[in-house]
Amino acid sequence: MSLRHAVPAALIVFAAVPGGAFGQSYPTKPIRLIIPFAPGGTTDIVARVVGDRLGRELGQAVIIENRAGGGGTVGADALAKSAADGYTLGMATVSTMATNPATNPKMPYDSVKDFTPITNLVNVPNVMTVNPVKVPAKDMKEAIALFKKSPGKYSYASSGSGGISHLDGEAFKVMTGTFIVHIPYRGSGPALNDTIAGQVDAQFDNLPSSLPHIKAGKLRALAVMSDKRVESLPEVPTFAEVGLRDVNNMAWYGLVGPANLPREVVQKVHAAAVKTLADGEVRKRLADGGSYVDGGTPEQFVQKIAREITLRKDIVKKQNIRLD
Ligand code: GLU
């Protein structure tokens, strides 16, 4: 072999060793998964369904840590500032990556530059519900009539200021010319507790967290934000069917790491996530809860996040939404 050929070969081997060796051994200890919302919300539900199996695929435990606050920005910021070694990963949502950046001029992080997207796990429809005792309306038309009759009397819960459910609530108010008071929580879990208890009258939420309470009759679903009716709630109309524009499309939940996560880590976690999502039991649990499985490539997730930031900015502008 001539020197001309030998040199590049040697360089390739040299360059491949540090990353390759790291990639082969990773992970050698448990992985922390930051959930930027309280327990009981969809972020937490999806992370717990996926996390256990993901850990088994990777051969290390995935330890869930709820860091709620600031509409999801507190936990997302903690992740952004963690070591990019693959041992701290987090759940990214439409709220932490797109609606907050679209509405909050004082973001503590840059949702494009400060993370390494791995895969979008699921897409999820959203739903508007009422406490059936506090809002005695059998459908959307009756609820809007009640809200119109007494502006400021009724309230709605969101999973945090600047998040998707806050945006949904404010868009609803603009569309219907109603005034219902926004009450933000540290996630849908605590928001649901208060709506079910009747401390708050209505709620905008992602379907998986609200679904069991709708089925149990504790909350009444008025409409789902989805192109078509959802299988788990066939009797509930879509926003379009009740004459309202669906400004939402879907909420989504994915896996990300801090910026500059080694390529080998991204590939390993992505491969494990794809296997996890292909597992029959995991798929069933996600589907029964109202989620649509995704599991796309890291590149697709990068593009989705960029598209979603633009989309949410557009919605805020076009709907003339003002967040408090
Ligand atoms: N509702 C979600 C939760 O409490 C967070 C909002 C979102 O980003 O979809 O986990």
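Points worth noting:
- Condition met for Leu89 (out of contact with any Cys (no Cβ under 8 Å at 6 or more places or on another chain), within 28 Å of Ile183 (Cβ to Cβ) and not β-branched (Val, Ile, Thr)): no
- Hits in the range 164-187 (condition: within 11 Å of the ligand (Cβ to nearest atom) and of a type in the set (S, T, N, Q)): Ser165
- Matching residues in the range 102-124 - criterion: being free of Cβ contacts under 8 Å to residues at least 12 places away in the same chain and under 14 Å from the mean Cα position of the chain (by Cα): none
- The set of residues from the range 245-267 being surrounded by fewer than 23 Cβ atoms within 10 Å (Cβ to Cβ) and modelled with pLDDT of 95 or more comprises Pro258, Ala259, Asn260, Leu261, Pro262, Arg263, Glu264, Val266, Gln267.
- Any hit, the range 247-265, residues being over 30 Å from Leu54 (Cα atoms) and not in a helix (DSSP H, G or I): yes
- Number of positions in the range 80-101 that are more than 15 Å from the chain's Cα centre (by Cα) and either open to solvent by less than 10 Å² (accessible area, probe 1.4 Å) or within 13 Å of the ligand (Cβ to nearest atom) (or both): 1
- Of everything listed in (1) modelled with pLDDT of 95 or more; (2) out of contact with any helix residue (DSSP H, G or I) (no Cβ under 6 Å at 6 or more places or on another chain), the single unmet condition for Lys106 is (1).
- Near pairs, Cβ below 8 angstrom, 6+ apart or cross-chain, from the range 183-199 (among the basic types (Lys, Arg)) to any residue that is within 9 Å of the ligand (Cβ to nearest atom): Arg186/Phe37; Arg186/Ala38; Arg186/Ala68; Arg186/Ser159; Arg186/Gly160
The values are calculated or read from the model by the stated rules, or taken from the named source; none is laboratory data. Keep in mind that what you see is a predicted model, and the values were worked out from it rather than measured. Cβ: placed from backbone, ideal geometry, glycine included. Neighbour counts: every protein chain shown. Accessible surface areas use protein heavy atoms only, side chains included; no ligands, DNA or RNA. Shrake-Rupley method; radii C 1.70, N 1.55, O 1.52, S 1.80 Å.
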